[in-house]
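Worksheet: the structure to be examined is printed underneath.
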Amino acid sequence: MSGIKSRVLRIGEMGEFAFIRSIQDGSHFSPEGLIKGIGDDCAVIGPYQDRVFLITTDLLVEDIHFIWDRISPVDLGQKAVAVNLSDIAAMGGIPRHLFLSLAIPPAMGVETLHSFYQGIKAMCERYDTNVLGGDTSASPDGLTINVTAIGEARGDEVLFRSGAKAGDKIYLTGTLGDSAAGLRLIKEEFSAPAPLAAVLKEAHNRPQPQVEAGRVIAQSGLATAMIDVSDGVLSDLGHVCGASGVGGILFESALPISNSLKALAEINNFNPYELALSGGEDYQLLFTVPREDAGQFETIFQENSSSPIYCLGEITGEEGIKIVRPGGVREEVKVEGFDHFSGR
Ligand code: ADP
Ligand code: MG
């Protein structure tokens, strides 16, 4: 015996994204009808005539994704559905059905669970989506929620993370950082007058999937790539750039920041742009459009969608993400976003 113990690599050290990459190879044994497996917002299968199915799944774990004291059961139900529909929206799809599985601590009140389902059903009604089934189990510790959502689209409409090209403009469908600010207010790390706090907490607890905007972007036929911003704009732009083999430039002064976030930043003396860049759970759509099509795209979008759009920057041929600060200084940024195992 050498006396040297082999060191166990813990997932906490490896990180969520490296772990996913490590299990990706050798996962696909039936290539027929498989358009996209691991590595995008949804898996894509088909085509079935001119349609494809989009499938996505997400976990919400008590004390990791939510804390009971800080979210109502109705909001939790709505959020569980919203985060999955956001991944369907990110492919340009129409949500259709979902499966909902729960591991429930036996002491949990049935009334709480019914309120949770009220939120689930309200969101399903809003987006014409059916709960088709699921599974129910006891949990030794805390509530765990798993939602699997199924959507559809025409095969030629679907947008992947991998289609961005150098010279494309980078767009976003809404403001950044409100949800991250709301979370910090909920955790009492920031303070604000009640009406301002309510607006930002709502951004965190009641995200809205951008399904309508996603459809308009996909149907325009002009966008090249799309993702929903769940981990933070830098991280999610990083996923698009990584999958597309390109880089990106973001103009800090072009980042859309709400007046609520600006007001909170003034009261609490922090830089709202930093929160906008790395904060997560915005659930806006980030997408790319070739520069030469941008004018035509903006006209189509404004005529067909009630959502705003903001141009944040552009895709470059050189890998890595750079941010142009207000004075014009270009900084290479380390891509950060929420990684479940690094805790940031
Ligand atoms: P999103 O933030 O859009 O939900 P994720 O970062 O969670 O996307 O997942 C990225 C990709 O990795 C997706 O294709 C997802 O299905 C896949 N994935 C995540 N975890 C696992 C896992 N444990 N096993 C297989 N695939 C996974
Ligand atoms: Mg996503």
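The values are calculated or read from the model by the stated rules, or taken from the named source; none is laboratory data. Just so we're clear, the structure is a prediction, and the values are computed from it rather than from any experiment. In this analysis, Cβ positions are derived from the backbone assuming ideal geometry, glycine residues included, and neighbour counts consider all displayed protein chains.
Candidates Leu9, Leu85: the one that is touching a strand residue (DSSP E or B) at 6+ places or on another chain (Cβ under 7 Å) and either within 24 Å of Val240 (Cβ to Cβ) or aliphatic (A, V, I, L, M) (or both) is Leu85. One residue alone among Asp87, Asp75, Asp128 is touching a residue at least 40 places away in the same chain (Cβ under 8 Å) and under 23 Å from Gln219 (Cβ atoms), and that residue is Asp87. Scanning the stretch 64-82 for residues that are away from ligand 2 (no atom under 16 Å from the Cβ), modelled with pLDDT of 95 or more and out of contact with any strand residue (DSSP E or B) (no Cβ under 8 Å at 6 or more places or on another chain) yields Ile71, Ser72, Pro73, Val74, Asp75, Gly77, Gln78.
Selection within the stretch 1-52: residues that are among the aromatic types (Phe, Trp, Tyr) and within 25 Å of Val229 (Cβ to Cβ). The member of this set that is modelled with the highest pLDDT is Phe19.
When Thr175 is tested against (1) touching a residue at least 60 places away in the same chain (Cβ under 8 Å); (2) outside the structural domain of Gly232 (by TED's automatic domain parsing), just one condition goes unmet, and that condition is (2).
The strands (runs of 3 or more DSSP E) falling completely within the stretch 1-71 include none with 2 or more residues that are hydroxyl-bearing (Ser, Thr, Tyr), within 27 Å of Asn205 (Cα to Cα) and in contact with a Leu (Cβ under 8 Å, 6 or more places away or on another chain). Considering every residue within the stretch 97-110, establish whether at least one is within 30 Å of Asp156 (Cβ to Cβ), in contact with a Cys (Cβ under 6 Å, 6 or more places away or on another chain) and outside any helix (DSSP H, G or I). No, the stretch 97-110 contains no residue that is within 30 Å of Asp156 (Cβ to Cβ), in contact with a Cys (Cβ under 6 Å, 6 or more places away or on another chain) and outside any helix (DSSP H, G or I). Among the residues of the stretch 193-250, those identified as within 15 Å of ligand 1 (Cβ to nearest atom) and part of a loop (DSSP other than H, G, I, E, B) are Pro207, Pro209, Gln210, Val229, Ser230, Asp231, Gly232.
Among the residues making up the stretch 208-244, those that are within 12 Å of ligand 2 (Cβ to nearest atom) and of a type in the set (Ser, Thr, Tyr) are Ser230, Ser235.
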